1. Quick one: give the max-minus-min coordinate of the C-alpha atoms of the stretch 16-95 along each principal axis, largest first, in Å.
2. Select from 138, 80, 197 the residue whose mean-square fluctuation is largest in a Gaussian network model of the chain (Cα-Cα springs shorter than 10 Å).
3. Using 0.36 nm times the number of residues separating residue 88 and residue 212, minus their current alpha carbon distance, what extension gain do you get?
4. With the crude spin-label approximation of a point 7 Å out along Cα→Cβ, what separation in nm comes out for residue 100 versus residue 48?
5. As a test of the formula, what do you get for the chain when each DSSP H run with n ≥ 4 contributes -39,500 (n - 2.57) and the sum is divided by the residue count, at 222 nm and rounded to the nearest 500 deg cm²/dmol?
6. Rounded to the nearest 10 degrees, what's the angle between the helix 223-237 long axis and the longest principal axis of the chain, both from Cα atoms, 0 to 90?
7. Distance in nm between label sites at residue 41 and residue 228, each 7 Å beyond Cα in the beta-carbon direction?
8. Considering only 70, 62, 169, give the residue with the highest GNM mean-square fluctuation for the chain, with springs between Cα atoms whenever their separation is below 10 Å.
């Protein structure tokens, strides 16, 4: 039976990712989706909800991290088999998570990514390396376009995937939407050959299986953003 997505209330103050989660919550509460049901494909959800596939994907990562949905091999995303009251409470908790300050987000990102790239250097497969090379090539292609921020994060996400630790990737997918919002609002990520060179150096360290060097390069790579975030926090506190 086809699922119709209509009649949703708009949550003006919510971020796009949280709006997607709110719509899933309404589908569950209305009985359209039940525990154990398979969610529609990302493409259909994006079309019916009126958001991009990236925002839908980020929302699903967030729901999976908190145990609200689970991904089954060859089955896609499925609502966890909990009772409706428990599911409603879990989703409400996710939507009510506080908005963290930019400095805390960047500081956490550095800890996660430094460890993720070290594991990536130690565990990446030939397929992972090809994915990283493609992600880097895409970034270089769109280096001077407004889309460079998304392709920048796609390269970092590919590193997290190649760490073969799904928790690192899930945690990054939770904080990245907030960081992206601030990047775009404050226009932090300007075109820079230095950033491109640092990406290439990190990929070289990964290929050479030098986890310590890769982690050091990642930490250094994110220092400029950390300094900006610290300055921003100090200005807000004054």
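1. Taking the Cα atoms of the stretch 16-95, the three principal extents are 29, 28, 22 Å.
2. 197
3. Taking 0.36 nm per residue and subtracting the Cα distance, the gain is 40.3 nm.
4. Those two pseudo-labels are separated by 3.2 nm.
5. Rounded to the nearest 500, it is -22000 deg cm²/dmol.
6. The angle comes out near 60 degrees.
7. A separation of 3.7 nm, rounded to one decimal place.
8. Between 70, 62, 169, it is 70 that shows the largest mean-square fluctuation.
Every number here is computed from the coordinates shown, using simple stated rules; none is lab data. Note that the coordinates shown come from a computational prediction; the quantities given were computed from them, not determined experimentally. Neighbour counts are summed over all protein chains in view; Cβ atoms, including those assigned to glycine, are modelled from backbone coordinates with ideal geometry.
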